[in-house]
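Following: one structure in structure tokens, then a few remarks.
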Amino acid sequence: MVYDLIIIGSGPAGLAAAIYAARARLSFLVLEKMPLSGGQILNTYEVENYPGIPTIGGFELGMKLREHAEHQGTEMIHIEVRHISLEEQGRIKVLYTDGKEYRARTVILAMGAKYRTLGIPGEKELTGMGVSYCATCDGAFFRGRKVAVAGGGDVAAEDALFLARGCEKVYLIHRRDQLRAAGVLQEKLRAAENVELVWNTEVTRVNGEEHVESIWTRKKDGTEQLLEVDGLFIAVGNLPQTELVAKLLQLDETGYIPAGENCVTELPGVFAAGDIRTKQLRQVVTAVADGANAVASVQEYLYKMI
Ligand code: NAP
């Protein structure tokens, strides 16, 4: 069978695309490598900027998006796409998974992004033993303890606030003297008595035998300090998951897929939606907008094909 569309990834962009594809009555399929849908919002404690929903847990929003897509008749298979090739002068895209091939006239790439690592000594060795990239997943293990968060964006600020609810002390360590995080989060951080902002500082090493015991930090002026903490939460941004298409498409210098609001890429019939494409603002609200726009572009492409 050749589908009209295959969507790779089921974060907000992929699920919004599925809702629009179902309503357009396209024959389509969603392929998701993870056991759950929702992408990065599954790791977000609360979402407060999705219009119409003043506050919702990230996990719950992910589940609701999936429910909505399924309610419209979305078929989803949890399997990883390993390779994509083109047939019939590019009119058919073949997606290879372990053991099965899927064919489609169009593909929406909605694989999102994954967390960036610091690449410092001890980070890899102690991951899962005090080093974590997900405060909402692992924060409960640090109740009553001292922890550090590295980063200065929305995720670092949200993580620090989330951890401050249960931890004795939270150091938020940022490499500059200004946070990138939204003003409302900065206000909350200033109001949190057990959060200490550590400016112009980078984490340079994680120490511990079987568990994190301390971290070394270095200020811009070269001053080094040993901080005794039981956990280090790393929230220093994301990397687009573009390995699958790195040979098919020209990526920008930071690894994102060049595509505008219509999600059209340089490859006819291949579209990029959500955090994976070049854009100014990566949020749930812009990801779902991409899902809708990408399907509109798919339809336009399919009309021209006939
Ligand atoms: P981000 O906004 O890219 O911020 C990454 C932070 O990590 C920056 O402060 C950056 O420092 C720092 N950083 C990067 N590399 C570093 C390194 N090697 N060492 C030390 N620090 C490093 O990433 P994010 O916070 O993960 O957020 C990702 C996207 O999701 C953003 O667009 C964000 O707005 C969005 N988001 C939105 C919400 C919301 O609206 N509720 C919630 C979560 C995430 P510099 O500032 O010096 O560059």
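The values are calculated or read from the model by the stated rules, or taken from the named source; none is laboratory data. Note that this is a predicted model, so its numbers are computed, not measured. Methodologically, a virtual Cβ is constructed for each residue, glycine included, from the backbone with ideal geometry; neighbour enumeration extends over all protein chains shown. Just the protein is used for accessible areas: all its heavy atoms, side chains included, with ligands, DNA and RNA removed. Shrake-Rupley method; radii C 1.70, N 1.55, O 1.52, S 1.80 Å.
General remarks:
- Beta bridges assigned by DSSP with both partners in region 135-232 are antiparallel in approximately 50 percent of cases.
- The length gained on full extension between E300 and N262, counted as 0.36 nm times the residue separation minus their Cα-Cα distance, comes to 12.6 nm.
- Across K33/K124; K33/K114; K33/K93; K64/K100; K33/K100, pairs whose alpha-carbon gap is larger than 20 Å: K33/K124; K64/K100
- Expressed as a whole percent, the accessible surface of the chain that belongs to carbon and sulfur atoms is 49, based on a 1.4 Å probe.
- Converting phi to 3J(HN,Hα) with the Karplus coefficients 6.51, -1.76 and 1.60 and the offset θ = phi - 60°, region 138-145 yields 10, x, 4, 5, 10, 3, x, 9 Hz in sequence order, with x at every glycine or proline.
- Cross-link reach is defined here as a Cα-Cα straight distance under 14 Å, omitting same-chain residues fewer than 8 places apart; for K279 the aspartates and glutamates meeting it are D252, E253, E261, D290.
- Estimated vicinal HN-Hα couplings, Hz - region 62-72 in sequence order (Karplus 6.51, -1.76, 1.60; Gly, Pro = x): x, 5, 5, 4, 5, 4, 4, 5, 5, 4, 7
- Counting only DSSP beta bridges with both residues in the chain, the antiparallel share comes to about 45 percent.
- E224 sits among other residues whose Cβ lies under 11 Å from its own Cβ, and their net charge, with Lys and Arg +1 and Asp and Glu -1, is +1.
- Taking 0.36 nm per residue of separation and subtracting the Cα-Cα distance, full extension of the segment from R116 to Q280 would add 57.2 nm.
- Taking the DSSP bridge list for region 1-142 and keeping only pairs wholly inside it, about 45 percent are antiparallel.
- A protection proxy built from the mean count of other Cβ atoms within 10 Å ranks the segments 275-282, 298-305, most packed first, as 275-282, 298-305.
- Once the chain from H211 to K100 is taken as fully extended at 0.36 nm per residue, the excess over their C-alpha distance is 35.8 nm.
- Amide proton proximity set for R175, modelled H, under 5 Å, gap of 5+: G151, T201
- For the chain, cysteines whose Cβ has no other cysteine Cβ within reach (under 4.7 Å): C167, C263
- Shape call, region 195-243: gyration tensor on alpha carbons, a/c limit 1.5: oblate
- Close amide H pairs (under 5 Å, H built 1.01 Å from N) link Y3 with R103, A104, R105, residues at least 5 positions away or on another chain.
- Ignoring lysines fewer than eight residues from K146 along the same chain, the ones with Cα atoms less than 18 angstrom from its Cα are K169.
- Over the chain, accessible surface divided per residue gives 51 Å², non-protein components excluded, 1.4 Å probe.
- Max mean-square fluctuation residue, GNM over the chain, Cα-Cα springs under 10 Å, options A272, A191, A16: A191
- Mean Cβ count within 10 Å, highest first, over the residues of peptides 1-7, 199-205, 246-252, 117-123: 1-7, 199-205, 117-123, 246-252
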